[in-house]
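Only one structure is covered here, and it is reproduced in the block below.
Since every read-out is calculated from the coordinates, none of them should be taken as a lab result. Here the structure is a predicted model, which is why all the values come from computation and not from measurement. Glycine gets a Cβ as well: all are built from the backbone with ideal geometry, and neighbour counts include every protein chain shown.
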Amino acid sequence: MTRRWRWALTPLLMVALSTVAAERPKVGVALSGGGAKGAAHVGVLRILEQHNIPVDYIAGTSMGAYVAALYSLGYTADEIETTMLSMDFNTGFSDDIPREALSYRDKQFRDAYPVELKMGYREGEMRFAKGALQGQTMSSLIRRSIGTVPEVPHFDQLPIPLRTVATDLTDRSEVVIDRGNLLEAMQASMTVPGALAPIEKDGRLLVDGGMVNNMPVSVVKAMGADVVIAVDIGAPLKGKEDLNSVFDVLDQLSGYLTNLSRDQQVALMEEGDILITPDIQGVGTSDFDQMAKLVPQGELAALAHIDALQALSTSAVDYQRYHLAKQLNRATWLGEQPPVVAVRLENQSWVKDDVIRDVLHVEAGDVLGEREIEAAIARIYSLDQFERVDAYLKETPEGPELVVATRGKNWGPNVFDLGLRLEDNLDNELDISLDAAYTANNLFNSGGQWRTELNIGTVGRIATEWYQPIDDLQRYYVIAMADAEQKEWNAFELVQEFPFIRIEQIRHSIATGGGVNLGRNAQLQLIYRYEDGKYHSVGSNEIGRLGDYWFHGPELSLGYDDQDQPMFPSEGQRWLAQVAYQTSGSRVTFDDTGWERDHFWVYQLEWSGATSWGAHNVIGKASFESISEDELTLAHFTAIGGFLNLSGFSKDSLFGSHKVLLGGIYTYDLSRELLGITWPMFLGASFEAGNVWLLRDDIKLDDLIYAGSVFISMETGIGPAALAFGHADTGDSSFYLFWGKQF
């Protein structure tokens with residue numbers, strides 16, 4: 001049966017349902033809000049089904065709206081329980097884009113600046129996000145729960161007429177949603193103010209309905225219910241002994257609102273109405289891991305009122321007719337999807353329509369289910385330019401139309417990002433840096449970016465970059481950049497060429513060129529760079545300035561990156577191949593050597609790859625760097641040493657012009673199976689082999705240094721963190737405390 005025929009049958013289904021209900025009181029169910037405690041609603045609904053009690057109207061607030069919407073679509077209590085327990089509701093409180101979904105350029109930037117401040121500057125004023133989260137992942141969770149449901153002209157047309165309750169943030173008035181995008185209606189009722197950004201609907205800013213009506217008895221009565229079954233999962237107010245922190249006080253203030261509205265709704269209940277209060281003591285609104293044990297609590301609470309409930313039951317035959325009519329109506333909304341006849345963008349952002357359509361990968365004639373729509377939304381959101389991306393099917397006389405709605409970051413397009421880097425060997429070397437970036441997006445209304453970076457700490461750096469796409473799909477670009485940097489590091493040993501323990505480098509660089517984005521994960525770039533710099537010895541009583549250098553020349557690089565984490569990935573590969581031709585000049589000043597000019601090639605290759613099975617991860621890595629010059633030059637140095645980089649040595653304590661490093665890393669995920677936590681935490685070990693050489697003639701495989709480490713690490717909101725011990729076969733050992741991006 002086609003969707004159009006099912007739509008034609010909808011009035012007949014409505015008549016069938018009304019005929020079943022004609023000779024009995026109409027039952028309305030009001031489900032209250034309470035976060036994770038909403039699982040108890042499922043137990044109540046199961047008892048109603050087991051005792052042939054039909055539901056004619058249903059309304060819900062917050063998590064009650066989630067359960068009510070699923071039930072209104074014709075899902076049974078068993079199906080709702082399966083769906084709820086399969087969803088990780090904690091992910092609804094994170095809007096992070098998976099690293100592997102970002103573009104190559106955005107991956108490198110996020111690794112350096114992992115903290116999105118959700119703060120920007122526009123039209124002469126600072127702007128901030130309207131919530132800690134924008135609700136993108138929450139909408140994904142709801143969509144995966146309900147399936148692909150087209151826009152609903154009126155919620156009375158659903159298998160069970162539905163209402164969701166939200167609050168207008170501007171005047172704290174009650175908003176009863178009875179039509180339109182079902183996902184939006186659910187999310188508006190579930191949007192915790194402050195934690196999630198308000199949902200904009202019909203010119204209003206909507207948040208959690210619990211602020212005004214946490215148990216919508218009045219709503220189901222207004223729908224026409226003769227008898228109301230209300231389920232209260234709200235938390236009682238705390239006693240004096242439980243008010244021990246500012247968080248307890250804030251929770252108490254929130255409780256005032258929900259309890260006040262609950263009391264007002266209870267006062268509306270009449271003789272024959274039934275109030276069911278499951279035992280949810282000891283379970284908080286965010287204890288989603290305890291949802292499974294709350295379903296039986298709902299059943300027990302409903303059974304405590306079984307005599308009153310059985311007065312509302314129908315015969316088995318009538319209930320079967322009622323159930324059949326619901327399932328036929330359900331097929332109207334959740335049946336097989338016909339091909340979409342058109343794709344329409346409602347683009348409220350600075351990103352060009354062509355760019356959105358390019359990553360959308362949906363055209364007229366495609367058949368779209370929930371998975372396909374989810375994937376399309378994720379591809380658009382991964383552009384990292386949006387506050388929200390939504391998509392839904394809208395019925396037209398010709399067939400379903402896919403509507404894609406995008407909203408740019410309200411704090412953008414000019415935004416701030418932050419990074420923190422810390423590395424301590426727990427002995428005598430602490431490196432720390434605070435990094436900030438300001439990015440002006442959509443320059444010249446063509447997708448250009450002007451980014452300025454400031455790094456303060458052990459490494460001092462200021463940089464600016466202009467990145468300008470030159471085609472409508474933003475695949476080709478030109479780029480110009482400049483930076484100045486000062487850094488220090490410890491030399492591991494005294495060598496004849498550089499008899500100094502701590503060295504400082506000050507350098508300046510400018511470059512310009514262009515490139516091409518090869519899909520989402522790769523980039524080919526050709527630039528021409530000029531750099532000059534100088535080296536000093538730090539803390540030396542004999543010599544200050546060591547030498548000067550300059551070079552210029554072209555650099556060609558090809559990078560690929562699809563890893564899911566920057567430091568301890570579980571899947572994917574990352575590699576960078578770079579070759580440069582440099583015309584250079586350098587001089588060593590401490591021995592009166594004059595300027596030496598030369599031409600040479602620089603070769604660099606870096607690779608890492610990861611795979612996993614269960615809680616086990618294995619990572620391989622390799623790094624190679626060399627120059628064609630046979631003599632010492634200050635124009636090119638590379639360094640080795642530090643955690644996972646010849647563990648046991650201090651950071652960058654070995655330096656030269658040629659480098660080889662090979663390594664293998666094993667990690668075991670402790671988080672879920674052993675610790676029961678949701679953020680990644682690893683126990684790991686590494687083995688590494690490598691060295692650096694100043695001169696090509698010095699390179700010998702017999703000189704390879706072998707090292708290893710054991711560590712415990714985790715992924716945090718500002719980057720990876722690790723506590724490690726490393727040891728090398730030279731006898732060198734070091735402890736490491738690491739947090740953020742490596743220096």
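Details
- Here the relative contact order of region 547-657, from alpha carbon pairs under 8 Å that lie six or more residues apart, stands at 22 percent.
- Between region 344-406 and region 680-694, the alpha-carbon center distance in angstrom: 43
- q = 0.11, 0.19 Å⁻¹, region 67-208: log10 I(q)/I(0) [Debye, one scatterer per Cα]: -0.51, -1.18
- For the chain, the average shadow cast by the Cα convex hull is 36.7 nm², which is a quarter of the hull's surface.
- Summed side-chain charge close to Ala311 - residues other than Ala311 whose Cβ falls under 13 Å, Lys, Arg +1, Asp, Glu -1: -3
- Label-to-label distance, Leu268 versus Ser446, with points set 7 angstrom from Cα along the beta-carbon direction: 5.8 nm.
- Surrounding net charge for Gly664, when Lys and Arg each add one and Asp and Glu each subtract one, Cβ distance under 13 Å: 0
- Taking 14 Å as the straight-line reach from the Cα of Lys352, the aspartates and glutamates in range (excluding those fewer than 8 positions away in the same chain) are Asp384, Asp471, Asp472.
- Rotationally averaged projected area of region 538-648 (alpha carbon convex hull; nm²): 9.7
- Farthest positive-ward along the chain dipole, Cα basis, beta-carbon charges - from Ile432, Val212, Leu420: Val212
- Other residues lying with their Cβ under 9 Å from the Cβ of Asp532 contribute a combined charge of 0, Lys and Arg counting +1, Asp and Glu -1.
- Extension gain, Trp607 back to Asp703 (0.36 nm per residue minus Cα-Cα distance, nm): 32.4 nm
- Applying both filters, DSSP loop and at most 13 other Cβ atoms within 10 Å, to the trypsin sites (Lys or Arg not before Pro) of region 633-722 gives Lys700.
- Options Thr667, Leu268, Thr167, ranked by Cα towards positive dipole end of the chain, top entry (Cβ charges): Leu268
- Farthest toward the positive end of the dipole of the chain, out of Ala59, Ala615, Gly690, is the Cα of Ala59, where the dipole comes from beta carbon charges about the Cα centre.
- Taken about its Cα centre, the chain carries a charge dipole of about 2000 debye when Lys and Arg each add +1 at the Cβ and Asp and Glu each add -1 at the Cβ.
- Estimated inter-spin distance, Tyr581 and Leu260, nm [label 7 Å along Cα→Cβ]: 7.7
- Förster radius 22 Å - calculated FRET efficiency between Glu200 and Glu395 (Cβ-Cβ, nearest 0.05): 0.45
- Here the alpha carbons of region 569-622 define both size measures, Rg and Dmax, at 20.1, 61 Å.
- Checking every one of the chymotrypsin sites (Phe, Trp or Tyr not before Pro) in region 354-458 against DSSP loop status and a limit of 10 other Cβ atoms within 10 Å picks out Phe444.
- Were the residues from Ser671 through Tyr528 laid out at 0.36 nm apart, the gain over their Cα-Cα distance would be 46.9 nm.
- Peptide ranges 359-366, 197-204 listed from the most packed, as the mean C-beta count within 10 angstrom indicates: 197-204, 359-366
- Calculated FRET value between Asp96 and Ser286, using beta carbons and R₀ = 22 Å, to 0.05: 0.75
- For the peptides 41-48, 59-66, the ranking by mean Cβ contacts within 10 Å, running from highest to lowest, is 59-66, 41-48.
- In this calculation the C-beta distance from Thr512 to Leu473 is compared with R0 = 25 Å, giving a FRET efficiency of 0.65.
- At full extension, Arg545 and Arg179 could sit 124.3 nm farther apart than now, given 0.36 nm per residue minus the alpha carbon distance.
- Violating pairs (Cα-Cα greater than 18 angstrom) within the set Lys534/Lys700; Lys487/Lys534; Lys487/Lys741; Lys130/Lys201; Lys221/Lys326: Lys534/Lys700; Lys221/Lys326
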